[in-house]
Amino acid sequence: MDRSRWSGADPSRGQNVLEASMADDLTGLDTFPKLLMHHARVRGDLPAIREKDLGIWQTWSWKRFADEVRALACGLAAQGFKRDDHLAIVGDNRPRLYAAVCAAQALGGVPVPLYQDAVAAEMAFPIQNATITHAVVEDQEQVDKLLEILPQCPTLTHIYYDDPRGLRHYGQPQLMAYDRLLEIGQESYRRDPAYLETEVAKGGGEDAAAMFFTSGTTGVPKGVVLTHHALIDRAAAAAKMEGLGDRDVVLAYLPPAWIGQNIFSYAQPFVTGYCICCPESAETVMTDMREIGPTYYFAPPRVLEALLTQVSIRMEDAGRFKRWLYKHFMEVARRVGGAILDGKPVGIADRLRYALGDMLVFGPLRNVLGMSRVRVAYTAGEAIGPDLFKFYRSIGINLKQLYGSTETSVFVCIQPNGQVKADTVGPAVPGVELKFTPQRELLIRSPGLFREYYKNPQATAEAKDAEGWFHTGDAGYFDPEGHLKIIDRVKDVGSLADGTLFAPKYLENKLKFFPYIKEAVTFGDQRDRVCAFINIDMEAVGNWAEKRNLPYSGYTDLASRAETCDLVGECIEKVNADLAAEPEIANSQIHRFLILHKELDADDGELTRTRKVRRGFIAERYQALVDALYAGQDKVHVEAQVKYEDGRTATISADLAIRDAKTYSPAAAKRAA
Amino acid sequence: MSTPLSAQAQLAQEARAKSGRPPIGDNILEVERVSLAFGGVRALTDVSFNVREHEIRAIIGPNGAGKSSMLNVVNGVYHPQQGTIRFRGRSYSDMHPREAAERGIARTFQSLALFKGMSVLDNIMSGRNLKMHSNMLMQALRLGPALREETAHREVVERIIDFLEIQAWRKTPVGRLPYGLQKRVDLARALAMEPTVLLLDEPMAGMNMEEKQDMCRFILDVNDQFGTTIVLIEHDMGVVMDISDRVVVLDYGRKIGDGTPDEVRANQSVIDAYLGVSH
């Protein structure tokens, strides 16, 4: 096949990774359709994709998958889909939708997966932007949405649906059942069996392989164009690092329109030949995961947190003996679990204790979570609380963090086995170059970088400079071992009066990891030291107060109690101790704090609707409090208007205590460590 | 025997044809001058109405109007003192519920009658009971034919589970499910009989708005997909007026109105019954 294209595109890096990582020789297999044909040849009978249907796991082997793609691609071609066309794909994780992704690529087209839970209006922009003509969708729900926006999207002329339920009586000329498309394809394949092979051979690594629309919280969404080379190279680099092979199993349960899902359940299986499993429905993910027992797993922190909450709740309901057992062995796990997983030396007594715990508690717990067979698990997307992170590692699940984005084909940094820390995202994956601007913005150069933002040269030029560095907008630094640490968005990072780094969100996240602290707002930009507003978590602190027989009448009362101040003060001191150990931001230790008399609320404009703190607005609104913090007062009187949900307003007044928090000198922290 | 359609009913018929639901056919079930009394209490007095094939027919009325009694007469739980029930052209006046089931009449219950300790799957499987032919011994020994039969029935049940979107609770004991889901399981069990006529006794009682909307969708889907004729009792007027083709109104055991939702809404005696007029 066409090798010249590889050599045109940075052969040294891309190809070496590919050749070295796999048992298979993937030389020349520079597009996903070529990889599929390869797997159909060498491991045709191994499972490629599974889906639970009518209560039974149905398996497609690689050969079956390739047959499906061939028929589908021929069908699409017969329907007028051609090279460089865009194919919208809307739906949950379904084998047929993954086949559609590959079929589009086989014809030299570009699949554009869209979020299946987006409302109709949100789909209009991508369809117009990418002049989408054909769409493969899951069911009636998606068909209805596309039909609704049809008047705004005149280019969309073909909609194919997988599940015909409820669509029997739809007469729109644009609609066609997936099964019918397949029949057309099979017919056309019989007439001209060589057609598709020629089309696949025409494709090369530098062709666009997929387009992902970024969510566009600021401004309109941008279509990120990624090439086959970028996706395959990154998928292979990470697969090599983790030693993934064709016996691995993944559960595909996150939205396919998200780049990560595409990497874990399309790009990587195509590179290594492992099998992905599609759950029956969103509600059955837990049960399906237990049945499948994936070996390779990704979950954003919120999913991990929800799982842990479930475990905790069920333990609360368990009998006394079981509760004792759980508590006892979790303590052992907390002490030595992480170290055992990292292969660090641990005393024989603790090893035995851990082994017993593994038999009685951790093993069954992993089994309940469906993680018995997990070899590698990743989390990413947002900061993960250290306790949450350590919980999973302590019970023997190899959970690691990674860093990446749509524009970088995900894999930029991964924590290698044995070098896992709760607050970094690990060193660069082979092939990636990282550097920082003077403003501490992280720049990335990697074979996995995107080609462009579709039809948006201006945005492309802003994000990717002439030398090929991608400007992430993330601020961070390397820790002493060379692990990347992301602290905040560049635009939010400031500096203290002495010029050292001040990263408010990083501090606030650290505070919020304590269950007692619900929200935190830190100040320090252009000032000599950092001060903070704290919102306590009513439920957690309320429980804490009840256990201590502290009476309180409501939030304001509880927040103003000296005991609560002490509690929060302890949390802040722990954060300060942590910060002192990090030379880059040791100066950001929190010197003074107060607990706000009311909860920050989106209705009052203090939070965004997605519950992000609006720091500037709060600083303005509570100017008097900020001034008091910096003026060294130990008390401040406050009156504030609050808006109730029914629109009425009222005034709350209170005296707030201002406390000093203990800070540590960096040197002392080092000695202690 | 079918009565000529009113102008409004005709319009409704046309709208229905456009939406693609199966066209309403001839009378499938006729209730003729039925009277039912328990001792001195007259539950139903001289009630007649008909149900056409593929339609959704609602029975409404204030509390104690005799709605549930009417359903119980139709599926043979009560035997009326007077009058006949004519189902698919055959009339009968005393039929056992099992016979009704064998002839294709299934029902759900106002107060759920599920097996609380059994899983969702087993509950729905129990709806296939009438269709199983292998005897107990063969089933107990798991002999070939019994196994094959079970597999076939399980497939039907799985399709229903898929249809009503209850996959996540397949193995959950019914007693642990929230009320709205239990109602769905009840419907699933009735569907497992593959009935011609489905009697629903207050399918939406005690549900919140979202559960009601789901249930409405499922009822319309059942009617559309399988062409099942549906007779339902419901208190939520919004639901009744939205999904039914025709409505019978009972009050104190007598029929006081019959027609399309619009006709019934405009009927003076119906308004009186609901708003209260001295009798």
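The values are calculated or read from the model by the stated rules, or taken from the named source; none is laboratory data. From a predicted model like this one, the values you see are computed outputs, not experimental measurements. Neighbour counts are summed over all protein chains in view; Cβ atoms, including those assigned to glycine, are modelled from backbone coordinates with ideal geometry.
Does A:ALA252 satisfy being at pLDDT 95 or above, over 18 Å from the mean Cα position of the chain (by Cα) and more than 14 Å from chain B (Cβ to nearest Cβ)?
Here the answer is no, as A:ALA252 does not meet what is asked.
Name the single residue, out of those in the range A:177-195 being surrounded by 12 or more Cβ atoms within 10 Å (Cβ to Cβ) and not in a helix (DSSP H, G or I), that is nearest to the other protein chains (Cβ to nearest Cβ).
That would be A:ALA177.
Would it be correct to say that A:THR556 is of a type outside the set (D, E, K, R) and either modelled with pLDDT under 90 or assigned to a strand (DSSP E or B) (or both)?
yes
Go over the candidates B:MET118, B:MET132, B:MET125 one by one and state the one that is over 30 Å from B:ILE60 (Cα atoms) and touching a residue at least 60 places away in the same chain (Cβ under 8 Å).
Just a single option satisfies the conditions, and that option is B:MET125.
Of all residues in the range B:153-180 being more than 12 Å from chain A (Cβ to nearest Cβ) and part of a helix (DSSP H, G or I), which is farthest from B:GLU202 (Cα to Cα)?
Across the range B:153-180, the extreme among qualifying residues is B:HIS153.
Please specify each residue of the range A:268-325 satisfying the condition of being of a type in the set (S, T, N, Q) and either more than 21 Å from A:TYR392 (Cβ to Cβ) or outside any helix (DSSP H, G or I) (or both).
A:GLN268, A:THR272, A:SER281, A:THR284, A:THR295
Could you check the range A:562-673 for strands (runs of 3 or more DSSP E) lying wholly inside it with 3 or more residues that are modelled with pLDDT under 80 and crowded, with 17+ Cβ neighbours inside 10 Å?
Strands (runs of 3 or more DSSP E) meeting the threshold: none at all.
Take the residues in the range B:53-68 that are modelled with pLDDT of 90 or more and of a type outside the set (Gly, Ala, Ser); name whichever of them is surrounded by the fewest Cβ atoms within 10 Å (Cβ to Cβ).
Looking at residues that are modelled with pLDDT of 90 or more and of a type outside the set (Gly, Ala, Ser), I get B:GLU53.
Tell me, which residue of the range A:105-125 that is without any contact (Cβ under 8 Å) to a residue 60 or more places away in the chain and in contact with a Cys (Cβ under 9 Å, 6 or more places away or on another chain) is surrounded by the most Cβ atoms within 10 Å (Cβ to Cβ)?
If we take residues in the range A:105-125 being without any contact (Cβ under 8 Å) to a residue 60 or more places away in the chain and in contact with a Cys (Cβ under 9 Å, 6 or more places away or on another chain), then A:MET123 is surrounded by the most Cβ atoms within 10 Å (Cβ to Cβ).
Which fully enclosed strands (runs of 3 or more DSSP E) of the range A:332-451 have 1 or more residues being β-branched (Val, Ile, Thr) and touching a residue at least 24 places away in the same chain (Cβ under 8 Å)?
Where strands (runs of 3 or more DSSP E) fall fully within the range A:332-451 and carry at least 1 residues being β-branched (Val, Ile, Thr) and touching a residue at least 24 places away in the same chain (Cβ under 8 Å), they are A:376-379, A:441-445.
Considering only helices (runs of 4 or more DSSP H) fully contained in the range A:55-133, which possess at least 1 residues that are among the acidic types (Asp, Glu) and modelled with pLDDT of 95 or more?
Where helices (runs of 4 or more DSSP H) fall fully within the range A:55-133 and carry at least 1 residues being among the acidic types (Asp, Glu) and modelled with pLDDT of 95 or more, they are A:62-78.
A:ASN509 passes all but one of (1) free of Cβ contacts under 8 Å to residues at least 60 places away in the same chain; (2) under 22 Å from the mean Cα position of the chain (by Cα); which number fails?
(1)
Looking only at residues in the range A:275-305 that are away from chain B (no Cβ under 14 Å) and out of contact with any strand residue (DSSP E or B) (no Cβ under 9 Å at 6 or more places or on another chain), which one is surrounded by the most Cβ atoms within 10 Å (Cβ to Cβ)?
The qualifying residue surrounded by the most Cβ atoms within 10 Å (Cβ to Cβ) is A:GLU305.
Can you tell me which residue among A:GLN142, A:GLN152, A:GLN128, A:GLN174 is free of Cβ contacts under 8 Å to residues at least 60 places away in the same chain, touching a strand residue (DSSP E or B) at 6+ places or on another chain (Cβ under 7 Å), surrounded by fewer than 20 Cβ atoms within 10 Å (Cβ to Cβ) and more than 14 Å from every other protein chain (Cβ to nearest Cβ)?
None of the other options fit; the residue is A:GLN174.
Would you confirm whether any residue within the range A:529-548 is under 16 Å from A:ILE590 (Cβ atoms), at pLDDT 90 or above and either charged (D, E, K, R) or surrounded by fewer than 18 Cβ atoms within 10 Å (Cβ to Cβ) (or both)?
yes
Can you go through B:GLU211, B:GLU234 and tell me which one is more than 14 Å from chain A (Cβ to nearest Cβ), at pLDDT below 90 and within 11 Å of the chain's Cα centre (by Cα)?
Just one listed residue meets the conditions, B:GLU234.
Evaluate the following for B:ASP236: is it among the acidic types (Asp, Glu) and touching a helix residue (DSSP H, G or I) at 6+ places or on another chain (Cβ under 8 Å)?
yes
Just give me the residues in the range A:158-171 being among the hydrophobic types (A, V, I, L, M, F, W, C) and within 12 Å of chain B (Cβ to nearest Cβ), in sequence order.
A:LEU167, the sole residue that qualifies.
Is at least one residue of the range B:181-193 touching a residue at least 12 places away in the same chain (Cβ under 8 Å), within 14 Å of another protein chain (Cβ to nearest Cβ) and of a type in the set (S, T, N, Q)?
No: the range B:181-193 contains no residue that is touching a residue at least 12 places away in the same chain (Cβ under 8 Å), within 14 Å of another protein chain (Cβ to nearest Cβ) and of a type in the set (S, T, N, Q).
Go over the candidates B:VAL222, B:VAL249 one by one and state the one that is modelled with pLDDT of 90 or more, not aromatic (Phe, Trp, Tyr) and not assigned by TED's automatic domain parsing to the domain that holds B:LEU44.
B:VAL222
Can you name the condition, by its number, that A:GLU51 falls short on among (1) within 14 Å of A:ALA99 (Cβ to Cβ); (2) in a helix (DSSP H, G or I)?
(2)
I'd like to know if the range B:167-175 contains one or more residues that are surrounded by fewer than 14 Cβ atoms within 10 Å (Cβ to Cβ), more than 30 Å from B:ARG52 (Cα to Cα) and at pLDDT 90 or above.
Yes: one or more hits.
Hey, does the range A:459-467 have a residue that's touching a Ser or Thr at 6+ places or on another chain (Cβ under 8 Å), small (Gly, Ala, Ser) and not assigned by TED's automatic domain parsing to the domain that holds A:ALA581?
no
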